[in-house]
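To start, the structure itself, in structure tokens.
Taken together, the values in this text are just the output of simple stated rules run on the coordinates, not laboratory data. Worth saying up front: this structure is predicted, and the values here are computed from it rather than measured. Cβ atoms come from the backbone with ideal geometry, glycine included; neighbour counts cover every protein chain shown.
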Amino acid sequence: MTITVCLKGTQKIRLVPHHGGYKLTYPFIGITGTGESGHIGLGSFTVDLRRALFWGPKGHHKLVPIWRAMKILEMVDTIGDTTLTACWALFHPETRCVFDTEYIKELAEQFHGEAGFIKAYNSVAHAFPSLEDFDTLMSKVRETGIRIETDELFDTSKKNLSSPQSTP
């Protein structure tokens with residue numbers, strides 16, 4: 001699978017069991033395929049191995065929630081089997097399955113408890129990409145012909161942006 005990296009997050013050393021231990025990594029938003037067959041997802045790239053982990057379902061191309069998922073992924077210290085899925089599901093409640101709730105609970109453990117997780121979530125849940133980041137994402141989307149859902153860009157309603165009272 002070929003992945004076009006659209007936007008890179010912050011590099012840091014993280015534990016990546018799939019890649020053999022502690023590695024220098026960066027989270028990213030990427031695209032696989034083009035046009036109708038392509039999709040946007042969330043990934044983690046291990047610099048020294050030049051290997052990536054990638055996840056994202058077809059048909060859910062909302063740039064702001066994907067960017068928010070990447071921002072949470074920047075904060076974690078371990079990228080395990082369910083980390084990418086949990087980060088995605090956190091900001092895509094419409095695509096959650098029964099397993100995602102458990103994955104999100106596992107993710108919360110990396111923030112030293114529910115209070116730390118809620119603080120991290122809230123720091124990202126109302127944030128938006130910079131104009132530079134958004135322009136970078138949009139240029140890659142245009143290059144690959146991926147269709148995105150544009151309602152999110154014009155509708156800033158609170159339906160998916162509310163602050164959690166407990167773990168999201």
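Of note:
- Gyration tensor (alpha-carbon) shape descriptor, segment 22-115, a/c threshold 1.5: oblate
- Each residue in K119, K8, K23 was given a count of other beta-carbon atoms within 10 angstrom of its own, and listing them fewest first yields K119, K8, K23.
- For segment 80-156, the relative contact order comes to 18 percent (Cα pairs under 8 Å, sequence separation of at least 6).
- The count of lysine pairs in the chain with alpha-carbon distances below 21 Å, taking only pairs 8 or more places apart or on different chains, stands at 23.
- Distance between modelled label sites at R142 and D81, nm, 7 Å Cα→Cβ extension: 4.3
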